[in-house]
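*Asks:* Quick one: the structure is below, and I'll ask about it shortly.
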Amino acid sequence: MGALLIIAAAVTWGTTGATMKLVAATGSPVSPLVVGFLRVAIAAPCLCLAARWLGGAVPWPARADRGRSLLAGLAMGVYQPFYFWGVAMTSVAVGSLIAICSAPLFITVLAALFLGERIDRRTWAALLAGIAGTALLTIGPHGLSEPPPGFLVGVAFELVAGLCYATYAVSVKSLVVRASSLTIAAGTFSIAAIVLLPVLLVEWPAANARGWAWLGYLGIVPTAAAYGLYAVGLRTTPVTVSGVLTLLEPLTATLLGVGFFGDRLGPAGVAGAALLVAAVLALTIRR
């Protein structure tokens, strides 16, 4: 049952990029910046309620943990607009694959730099495979011809998103021994919502009924509900198994992009996606 909950969480996470496209398809003039804010603003209170229901009161971080909690919340807040900007400028498949699969690679590097974790030969091979996969995925949809305007900027944005998520993961690593992953998510998403709150001074959310429905889905289902399912699933599922199961997230995003939004990876892109997934799988099994 725990594994099934994690599978459900990973599949719903994989719908995030597609939801951004669906919001745009409704004709709602909502920028990726506002979509990112609304995602965390809707999810934060839901996560707080879920954390309280599953684990009791949501404690305020201890003084020693406040710096890491703030950094994690800031990273989660910055992640949102860069991820959605990247998807808008590339595609659901390419953007999601680069952001999701680059995060574990960045985590490995940051853990070595700031946590003193050792990078062995297998990890170096996975990192090199991940870099090669990202390069192939970047050129795959358009070959060696000039990519459309903004495509490479979108790839860069997705790499920034991957780095932000890696920063979040490394920041909360020392917190998981004192709080559940759901409690940590509730706190960091609340901080992220506060960080992105000034967005409302620049752009006020304006969407039609269908647009608000998709935005509500984005905040509740692939964010709050998915984190709740994942947290409950972790109670009975080994960490290594959960890491492998979460690879269904980029797979779901890619299938949605190719099947429903006309995304094309090209032969080189398919090879790059395979390299990225293999690199993440190697790192996950190693851990």
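The values are calculated or read from the model by the stated rules, or taken from the named source; none is laboratory data. Remember, predicted model here, so these are calculated numbers, not experimental data. Ideal geometry is used to build each Cβ from the backbone, glycine not excepted, and the neighbour counts take in all protein chains shown. For the accessible areas, the whole protein counts, side chains as well, though only heavy atoms, and no ligand, DNA or RNA atoms are used. Shrake-Rupley method; radii C 1.70, N 1.55, O 1.52, S 1.80 Å.
*Asks:* Only one residue in GLY73, GLY86 is open to solvent by less than 20 Å² (accessible area, probe 1.4 Å) and farther than 29 Å from ALA271 by Cα. Which one? Even if it seems obvious, please write down each step before you answer.
*Replies:* Values: GLY86 fails: farther than 29 Å from ALA271 by Cα.
After applying the criteria, what remains is GLY73.
*Asks:* Could you count how many residues in region 104-130 are out of contact with any helix residue (DSSP H, G or I) (no Cβ under 8 Å at 6 or more places or on another chain) and small (Gly, Ala, Ser)?
*Replies:* 2
*Asks:* Another question, if that's okay. Only residues that are under 20 Å from GLY257 (Cβ atoms) and in a loop (DSSP other than H, G, I, E, B): list them for region 1-26, please.
*Replies:* GLY14, THR15, THR26
*Asks:* For region 145-218, please list each of the helices (runs of 4 or more DSSP H) lying entirely inside it that holds at least 3 residues being in contact with a Pro (Cβ under 9 Å, 6 or more places away or on another chain).
*Replies:* In region 145-218, 151-172, 181-196 are the helices (runs of 4 or more DSSP H) which contain 3 or more residues that are in contact with a Pro (Cβ under 9 Å, 6 or more places away or on another chain).
*Asks:* Please work out which one of (1) at pLDDT below 95; (2) open to solvent by 20 Å² or more (accessible area, probe 1.4 Å); (3) of a type in the set (A, V, I, L, M, F, W, C) is the condition ILE6 fails and give its number.
*Replies:* For ILE6, the failing item is (2).
*Asks:* Is region 28-38 home to any residue that is open to solvent by 40 Å² or more (accessible area, probe 1.4 Å) and either farther than 19 Å from ALA166 by Cβ or part of a loop (DSSP other than H, G, I, E, B) (or both)? Show your work before the answer.
*Replies:* Here is the first cut: in region 28-38, the ones open to solvent by 40 Å² or more (accessible area, probe 1.4 Å) are 29, 33.
Within this subset, residues satisfying the condition of being either farther than 19 Å from ALA166 by Cβ or part of a loop (DSSP other than H, G, I, E, B) (or both) are 29, 33.
Yes, because at least one residue in region 28-38 is open to solvent by 40 Å² or more (accessible area, probe 1.4 Å) and either farther than 19 Å from ALA166 by Cβ or part of a loop (DSSP other than H, G, I, E, B) (or both).
*Asks:* Moving on to the next point. Would you mind telling me which numbered condition in (1) surrounded by fewer than 21 Cβ atoms within 10 Å (Cβ to Cβ); (2) aromatic (Phe, Trp, Tyr); (3) under 20 Å from the mean Cα position of the chain (by Cα) TRP204 fails?
*Replies:* (3)
*Asks:* Could you please let me know if VAL199 is more than 15 Å from LEU22 (Cβ to Cβ), more than 15 Å from the chain's Cα centre (by Cα), open to solvent by 50 Å² or more (accessible area, probe 1.4 Å) and touching a residue at least 24 places away in the same chain (Cβ under 8 Å)?
*Replies:* It is false that VAL199 is more than 15 Å from LEU22 (Cβ to Cβ), more than 15 Å from the chain's Cα centre (by Cα), open to solvent by 50 Å² or more (accessible area, probe 1.4 Å) and touching a residue at least 24 places away in the same chain (Cβ under 8 Å).
*Asks:* Something else now. Considering only region 48-70, I want to know if a residue exists there that is modelled with pLDDT of 90 or more, assigned to a helix (DSSP H, G or I) and open to solvent by less than 10 Å² (accessible area, probe 1.4 Å).
*Replies:* No, region 48-70 has no match at all.
*Asks:* For ALA43, indicate whether it is farther than 16 Å from THR254 by Cα, of a type in the set (Gly, Ala, Ser), modelled with pLDDT of 90 or more and in contact with a Phe, Trp or Tyr (Cβ under 7 Å, 6 or more places away or on another chain).
*Replies:* Judged against the criteria, ALA43 is a match.
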